[in-house]
Each structure stands twice: as C-alpha cells, then as structure tokens.
Amino acid sequence: MYKISTRGQYALLIMEDLAMGQEDKFIPLKTLSHRRNLSVKYLEQLLIHLSKAGLVIGSRGINGGYKLSKKADQYTAGEILRVMEGELCPMTSFENNTVMSEGSRSFWKEFEAVINNYVDSVKLSELIKKNKDFVGYDYYI
C-alpha cells in the first residue's frame, strides 16, 4: 500500500503554518523549526523543494524567511503532496502488468482516481479553517 512519507506530511504542515501567518510577512526558518520541532536543516530541504515548485517564496537577511507565493485557497493538498511525493499512485506500474486481470486493473485505476480527486479537492484554506475551529481535546481525570 502506498504511504505518504514524512516529507509529504511535514510539507503540508509547513504550508499550513505559512498560511496562518500574515500574507505579506516572511516567517523565519527558526520560527517554523520551533513550531514543528524539526531541525532547521531538514526544514530547509523541504522548503527548497516547495520553493523550486513555486509554492513558497524565500528571502534572506534579517527580515527573511518564507511565505506563500499565492493565497491559501489557491493551493490544494494534492499539489503540495505531489511536490514531495511525485504522483500519488497506490500501485507502481500496474499499466504493464500482464498477470493482472482487467477487473483488478480497473479497480486500481479507479482507486487511484478517488485518491487524486480527494487530495485535489481539499484546499489549504480548508485545513487552516479546521485548525482554527479545533478547540482542543477534552481531558477528564
């Protein structure tokens, strides 16, 4: 079964963090690192990929850091995940698998479509709203 790597998961979290900040201000790398308890070096690797894909803008210097390149409602979870994961496919190369029946091949193609349609339907702004709506866990002693 296909799993989203920690790189993909953290990329989505970092994009959420950037979306919750002020749109016109850069968030320092150290601030992002502290919020998610990630090393600056690892976080920098993730942000380089996101920057090369045009999802974030980086700036050096005293007021430097990272910010989104567009508004949060213009990103989908699928777009972000594909930057880190490549295509989201539950099986590798089932197209050329001669042993697989047509029924199985059809199932896997439909399954892949469901996954991709779902991640492409979730906007970054929706994830932010859910985070803001979440009050916290109830603890009882």
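The values are calculated or read from the model by the stated rules, or taken from the named source; none is laboratory data. Keep in mind that what you see is a predicted model, and the values were worked out from it rather than measured. With ideal geometry, Cβ positions are generated from the backbone for all residues, glycine too; neighbour counts draw on all protein chains shown. Side chains are part of the model used for accessible areas, which takes the heavy atoms of the whole protein and leaves out ligands, DNA and RNA. Shrake-Rupley method; radii C 1.70, N 1.55, O 1.52, S 1.80 Å.
Below is a table of values for the structure above.
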{"read-out": "The range 98-132 - residue that is polar (S, T, N, Q) and under 15 Å from Tyr75 (Cβ atoms) and, of those, modelled with the lowest pLDDT", "value": "Asn131"}
{"read-out": "Selection count where residues are among the β-branched types (Val, Ile, Thr) and either free of Cβ contacts under 8 Å to residues at least 24 places away in the same chain or more than 21 Å from Leu127 (Cβ to Cβ) (or both), scope the range 24-56", "value": "2"}
{"read-out": "Pair list, Cβ under 8 Å, 6 or more apart: the range 67-92 residue among the charged types (D, E, K, R), other residue open to solvent by less than 20 Å² (accessible area, probe 1.4 Å) and part of a helix (DSSP H, G or I)", "value": "Lys67/Leu18; Asp73/Leu124; Glu85/Gly8"}
{"read-out": "Among residues of the range 58-76, those that are in contact with a Pro (Cβ under 6 Å, 6 or more places away or on another chain) and loosely packed, with under 14 Cβ neighbours inside 10 Å, counted", "value": "0"}
{"read-out": "All positions within the range 1-15 that are in a loop (DSSP other than H, G, I, E, B) and either open to solvent by less than 70 Å² (accessible area, probe 1.4 Å) or farther than 23 Å from Val122 by Cα (or both)", "value": "Ile4, Ser5"}
{"read-out": "Test for Arg36: is it farther than 30 Å from Trp108 by Cα and either modelled with pLDDT of 95 or more or surrounded by 12 or more Cβ atoms within 10 Å (Cβ to Cβ) (or both)", "value": "yes"}
{"read-out": "Exclusive hit being in contact with a helix residue (DSSP H, G or I) (Cβ under 6 Å, 6 or more places away or on another chain), open to solvent by less than 30 Å² (accessible area, probe 1.4 Å) and within 27 Å of Glu87 (Cα to Cα), set Leu55, Leu46, Leu18", "value": "Leu46"}
{"read-out": "Evaluation of Arg105 against (1) without any contact (Cβ under 8 Å) to a residue 12 or more places away in the chain; (2) surrounded by 14 or more Cβ atoms within 10 Å (Cβ to Cβ); (3) under 23 Å from Lys129 (Cα atoms) (one fails), failing number", "value": "(3)"}
